[in-house]
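What follows is calculated from the coordinates using simple rules that are stated; it is not laboratory data. Predicted, not measured: the structure shown is a model, and the values here were computed from it. When we count neighbours, we look across all protein chains shown, and the Cβ atoms used for this are built from the backbone with ideal geometry, even at glycine.
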Amino acid sequence: MADGGTHTGGRPSYEAAEELDRTVIAAATTAFMRAGYAGTSVEHIAKVIGCSKATIYRRYPSKKELFRAVVHERCQALVDILQVEPGSMANPMDAIKDMQRRLLDFLLVPETVETYRILIMDCQQFASITEDLDRAIEPLHERMKILLGKVLGWPDTSKNRAEIAMLEMSLRGLVTGWPLHQLLSGRRPFATDAAKNHFFEASWNVLESAVRVRIASGPPK
């Protein structure tokens, strides 16, 4: 791919620039996934794309900023995948189950696993990127907390909101914790789709039971 696409002079058109950005992020994602952060160079990415290093550096001043853009793209993909349809709020437990299932599927994607792995391996170097990730996915956690609040039916108080936030973290970890740990350890968590489905349904049954217990016990005293 040439630096400016089909544009023949001056700055590339908006469409060509957008296409080039998508190409750079896709190539960078593949490179980081295969070689890790340390093993990836901007020179290699430029060679794969067929552009100059300067073209990439004009968009991303450093390899770290390019990796930040890759993480942002992963976050945006997660946000898009977990969008809750307005009508689903009428049955919040179904909406929670749907979000949890899509979250599990997203975490099993190799690009997601390798992004997590890079962030964990050098958490100090990527502290600001990790903070960006947390901010990007916070609306998803808020949506889950709203759904849980509707299920529980507790009064809207600061104490109850804090309890719901703790419950949301615990329930999310129930579905995603073990598979993600297996993947980050280099092991395949599920041999078949049937095994994945069985794990999810078993986890969901525990999650649903826990929510029922909290409904019965009422808000924190």
*Cα-derived Rg over Rh, computed across the chain with Rh taken as Kirkwood radius*: 1.06
*Which values, in whole Å and largest first, are the semi-axes of the equivalent ellipsoid of the stretch 41-104 obtained as the square root of 5 times each eigenvalue of the Cα gyration tensor?*
39, 10, 9
*Kindly flag which residue pairs out of 97/196; 145/196; 159/221 have an alpha-carbon separation exceeding 19 Å in this structure.*
145/196
*How large is Rg/Rh for the stretch 174-221, to two decimals, with Cα atoms and a Kirkwood Rh?*
1.16
*Count charges around residue 135 for me, please; just the other residues with Cβ under 14 Å from its Cβ, Lys/Arg as +1, Asp/Glu as -1.*
-3
_Label-to-label distance, nm, for residues given as residue 18 and residue 65 (7 Å Cα→Cβ offset)_ = 2.2
*Label point 7 Å out from residue 38 along Cα-to-Cβ: which residues of the stretch 88-119 have amide N under 18 Å?*
114-119
*Along the charge dipole of the stretch 85-217, which of 162, 106, 180 sits closest to the positive end, that is, farthest toward it, with unit charges on the beta carbon of Lys, Arg, Asp and Glu (+1, +1, -1, -1)?*
162
*For the stretch 92-173, just the Cα set please: Rg and Dmax, both in angstrom.*
14.8, 42
*Calculate I(q)/I(0) for the stretch 14-61 by the Debye formula, one identical point scatterer on each C-alpha and no solvent, and give its log10 at q = 0.16 Å⁻¹ to two decimals.*
-0.39
*Per residue of the chain, what 222 nm ellipticity follows from adding -39500 (n - 2.57) for every DSSP H run with n ≥ 4, rounded to the nearest 500?*
-25000 deg cm²/dmol
*Debye, to nearest 20: dipole size of the chain, +1 on Lys, Arg Cβ, -1 on Asp, Glu Cβ*: 480
*About the Cα centre of the stretch 14-61, how large is the charge dipole given +1 on each Lys and Arg Cβ and -1 on each Asp and Glu Cβ? Please answer in debye to the nearest 20.*
220
*Considering the alpha-carbon set of the stretch 134-221 alone, what are its Rg and its Dmax in angstrom?*
15.1, 44
*Stretched out fully, how many nm does the piece from residue 198 to residue 26 gain, at 0.36 nm a residue minus the Cα gap?*
58.7 nm
*By how many degrees, 0 to 90 and rounded to 10, does the Cα axis of helix 158-184 deviate from the longest principal axis of the chain?*
60
*Only residues of the stretch 133-161 count here: report those whose backbone N is under 16 Å from the spot 7 Å along Cα→Cβ of residue 93, or say none.*
147-154
